[in-house]
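Let me begin by presenting the structure, written as structure tokens, before commenting on it.
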2 protein chains.
Amino acid sequence: MSIDVAAPIQRRPLHNELADRLRHMIVEGELAPGEKLAEKELCGQFGVSRTPLREAMKVLATEGLVQLTPNRGCTVSKLTLADLDEAFPIMGALEALSGELACQHITEAELARIRELHDRMVVRYKAGALRDYFKLNERIHQMILDAARNPTLAQMQLSLSGRVRRARYMANMSPARWAAAVAEHEKILEALSARDGKRLAVLLKQHLANKLQTVK
Amino acid sequence: MSIDVAAPIQRRPLHNELADRLRHMIVEGELAPGEKLAEKELCGQFGVSRTPLREAMKVLATEGLVQLTPNRGCTVSKLTLADLDEAFPIMGALEALSGELACQHITEAELARIRELHDRMVVRYKAGALRDYFKLNERIHQMILDAARNPTLAQMQLSLSGRVRRARYMANMSPARWAAAVAEHEKILEALSARDGKRLAVLLKQHLANKLQTVK
DNA sequence: GTTATGAATTATGAATACAAAATACAAATC
DNA sequence: GATTTGTATTTTGTATTCATAATTCATAAC
């Protein structure tokens with residue numbers, strides 16, 4: 001495979017790079033909720049000055065991942081049960097919308113790709129590989145979102161799911177719930193194949209509501 | 001009226017103040033879409049240094065109100081028809097959700113207040129006072145949102161409506177559309193009074209879809 | 001021993017200074 | 001005259017410096 005020599009050289013501003021790295025660290029739980037993020041310390045860690053770091057902090061604060069308190073610095077946002085109760089209905093509504101839109105726009109090729117991922121996911125489920133299952137699960141939902149052809153919607157979903165993702169690691173799915181989730185996915189795939197937007201919307205919404213119950 | 005002497009003295013960071021002011025200027029159309037926002041110029045205008053201004057810019061960029069291009073500065077985001085087509089369905093979904101939630105939580109006192117605003121709005125409609133009508137209209141929708149008891153949802157709606165607000169000034173409502181909008185509001189109030197969440201959700205969604213048609 | 005006070009330290013907020021990239025403009029070439 | 005190339009200027013990105021508020025810690029008072 002040859003690389004595109006004429007491709008534009010990409011040099012990103014430090015604040016972008018910092019925001020991405022910190023976002024990843026927070027979402028993946030490397031930075032614990034409530035943890036104090038001292039500027040000096042992070043600057044030393046990343047080898048940058050405070051200016052771009054502070055710019056990155058403003059971005060993360062706007063996304064809701066950190067909290068800025070005037071003259072007192074920055075802490076990783078905590079994820080309370082109330083936050084989950086707030087976020088999940090919204091994610092449900094957005095996911096329902098993405099389902100409806102996806103039914104209008106999805107191509108056969110995309111559908112085939114989702115089916116493939118779905119089948120692989122079922123295999124991983126049967127093998128009891130929770131980690132792989134989650135990964136594939138996520139990719140399927142991402143593909144539905146892409147098929148909705150609405151970048152703004154995708155962006156909002158991404159932002160919200162980033163906020164609640166940390167809760168996932170607290171959640172230990174019961175075997176019963178896991179089986180139910182797989183069954184739900186079968187129905188989701190059916191509705192998508194039939195381009196039944198209304199039904200898909202209901203299914204996705206319910207799927208997410210069940211997930212919230214599991215997490216709680 | 002006496003002031004609370006013991007109230008905490010609030011001193012906000014400059015970047016907050018700047019973000020608020022710039023947001024207002026963009027949303028209200030004082031800064032035109034596509035307009036270049038040169039740092040030096042704005043610094044002079046506000047009498048601050050570039051550091052807090054740049055922090056404010058990062059916030060507005062995250063909110064989607066401005067666009068940052070590395071090494072090329074900042075411009076006010078343009079609002080294309082495609083953007084509206086993306087934003088309105090999302091706002092519809094969120095508004096539908098807020099309707100459902102509002103029906104679960106709204107108090108009689110809040111309902112009475114909304115009725116009052118509604119009646120005043122109808123009066124302004126009959127007087128042909130579009131400006132006042134819009135203001136009251138907005139307050140009603142805001143009160144429904146508040147009754148949903150979901151700050152995250154409120155925040156997202158606010159952010160989205162800020163983005164599309166500029167389009168409203170392009171829109172000149174036809175008399176027929178205006179009459180229809182008022183009629184829709186009557187039904188919305190009915191559904192809310194009856195705590196009929198499903199019906200309210202449908203009405204609000206349709207109401208917004210109609211609005212999009214008007215804007216376009 | 002506990003609480004309150006104040007100085008020393010540290011962290012954050014904002015301005016300035018410096019570096020690097022982009023733009024504007026002039027001169028040179030065809 | 002149009003296009004290209006080199007230089008000056010402007011603008012943005014980042015680091016550093018200065019100012020101010022918060023925190024820590026030692027001391028004093030009860």
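Values in this text are rule-based calculations from the coordinates and carry no lab data. Computed from a prediction, not measured in an experiment: that's the story for all the values here. Neighbour counts run over all protein chains shown; Cβ positions are idealised from the backbone, glycine included.
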Given bins 20 angstrom wide, list per bin the percent of all Cα-Cα distances in the protein assembly as shown, short to long.
22, 54, 24, 1
Over region B:1-145, what per residue volume does the convex hull of the Cα atoms give, in whole Å³?
207 Å³
What does region B:90-216 give for Rg and for Dmax, in Å, if only its C-alpha atoms count?
13.6, 37
Principal-axis tilt of helix A:151-168 within chain A, Cα atoms, nearest 10 degrees:
80 degrees
For A:E35, placing the label point 7 angstrom along Cα-to-beta-carbon and taking region A:66-105, residues whose amide nitrogen sits under 12 Å are A:75-77
Across peptide B:90-98, what mean number of C-beta atoms from other chains lies inside 10 Å of a residue's C-beta?
5
Can you give the average number of partner chain beta-carbon atoms within 10 Å of each beta-carbon in peptide B:59-69, as a whole number?
2
Largest first and rounded to whole Å, the semi-axes √(5λ) derived from the alpha carbon gyration tensor of region B:131-195 read 21, 19, 8
Given unit charges at Cβ for Lys, Arg (+) and Asp, Glu (-), the dipole magnitude of region A:129-174 about its Cα centre in debye, nearest 20, is 160 debye
Kirkwood hydrodynamic radius (C-alpha pairs) into Stokes-Einstein, region B:10-84, 37 °C and 0.692 mPa s, D in µm²/s
261 µm²/s
Just to verify a number: FRET efficiency for B:T107 and B:Q206, C-beta to C-beta distance, R0 = 25 Å, to 0.05?
0.45
Ranked from highest to lowest mean number of other Cβ atoms within 10 Å per residue, what is the order of the peptides A:36-48, B:186-198?
B:186-198, A:36-48
Out-of-range pairs (alpha-carbon distance over 28 Å; input A:K211/B:K58; A:K198/B:K187; A:K78/A:K126):
A:K211/B:K58; A:K78/A:K126
Helix A:81-105 against the longest principal axis of chain A: what's the angle in degrees, Cα atoms only, rounded to the nearest 10?
50 degrees
Folded to 0 to 90 degrees: helix A:175-193 orientation relative to chain A principal axis, Cα
70 degrees
Once normalised by the length of chain B, the mean sequence separation of its alpha carbon contacts under 8 Å that are 6 or more apart gives a contact order in percent of 25 percent
What is the gain in length, in nm to one decimal, between A:D146 and A:A176 on full extension, counting 0.36 nm per residue of separation less the C-alpha to C-alpha distance?
7.8 nm
